[in-house]
Amino acid sequence: MEYLQGWLSRPIESGGHKQAEWRTDPARSGRGGSIGDIGTHAFHLLEYVTGLRVSAINATLRAVVAGRKLDDDCNAFVRLSNGAAGTLACSQVAAGEMNEIRIRVYGENGGLDWRQLDPNRLVLRWLDKPEEVYHAAAGYLGKDALAVARTPSGHPEGYLEAFAVLYREFADALVAWKQGNKNPLPQTLPGIEAGVRGMKFIDRVIESNSKEGWVEF
């Protein structure tokens, strides 16, 4: 993989909405604003989709809304374990945007593109052949992809079904553990290490912002 670009946005409600208040309160959400709320998800997806690890990061944080104590916008460059470069952006102040995730990965022969607003399609763009589009739950997919499909191909699925898959896999892991399996977590289910790396990501972004430069992950 040569290059990766990720974007994640969440509109933060204004006007004192209680549902959103905790995200801008350091006493409840911790040191990270947008990077803790949504940036950690983009970071986890980056490593999960590519199978690589972030080795260094150069990030800029901003608090755009006047009086806000935590960041509500982040742009970062990352270096990955194989030498590839990438960008990661997350924002709570992208006016007009809905909740959106977009992942683009580019290699020597082509790239892939996936968007949460169109979750049933994965687009592959090749250097020397026509574009390919893969649809969720289609029979030509691999067994791991088909195992998490909850509706027939062509029916919309996404956010809510993703939680259903997560809960089912967690329940299956508990049953397997009770039956004596010492390592029951499926590959698709994040474990303790993923959580720790997510917290480390927040610390490294804040450190990079304060130093105004690259920091090793």
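All of the numbers you see were taken from the coordinates with simple rules; none came from a lab. Just so it is clear, the model here is predicted, and its values are computed rather than measured. A quick note on method: Cβ atoms are made from the backbone with ideal geometry, for glycine too, and the neighbour counts reach across all protein chains shown.
Straight-line reach from LYS69: which lysines have a Cα under 18 Å away, not including same-chain ones fewer than 8 places off?
Counting by Cα, and skipping residues close in sequence, LYS69 has these lysines nearby: LYS18.
Given only helices, namely DSSP H runs of n ≥ 4 each adding -39500 (n - 2.57), what is the per-residue ellipticity at 222 nm of the chain, to the nearest 500 deg cm²/dmol? Write out the running numbers ahead of the final one.
Values: 6 runs with 64 residues, N = 217.
Mean residue ellipticity at 222 nm (helix-derived): -9000 deg cm²/dmol.
Please arrange THR151, THR24 by how many other C-beta atoms lie within 10 Å of their C-beta, fewest to most.
Starting with the residue having the fewest Cβ neighbours, the order is THR151, THR24.
Given the C-alpha centroids of the stretch 35-59 and the stretch 127-177, what is the distance between them in whole angstrom?
One Cα centre to the other: 22 Å.
Of the candidates ARG125, ARG28, ARG79, which one comes out as most mobile in a Gaussian network treatment of the chain with C-alpha springs shorter than 10 Å?
Per the Cα network of the chain with a 10 Å cutoff, ARG28 tops the list.
What does the charge dipole of the chain about its Cα centre add up to, to the nearest 20 debye, if the Cβ of each Lys and Arg holds +1 and the Cβ of each Asp and Glu holds -1? Kindly include the intermediate steps, with their values, before the conclusion.
Working: 25 positive and 27 negative charges, 99 e Å.
In debye, rounded to 20, the chain gives about 480.
Just to be sure I understand: with springs between alpha-carbon atoms less than 10 Å apart, which residue in ASP113, ASP144, ASP25 has the highest mean-square fluctuation in the Gaussian network model of the chain?
Comparing ASP113, ASP144, ASP25 in a Gaussian network model of the chain, the most mobile one is ASP144.
Quick one: if the Förster radius is 30 Å, what FRET efficiency do LEU185 and ALA63 give, using the C-beta to C-beta distance and rounding to 0.05?
Step by step, r from the Cβ atoms, then E = 0.25.
State the answer as a single residue: which of ASN109, TRP177, ALA66 lies farthest towards the positive end of the charge dipole of the stretch 3-209, with beta carbon charges of +1 for Lys and Arg and -1 for Asp and Glu, about the Cα centre.
Positive-most Cα among the choices belongs to TRP177.
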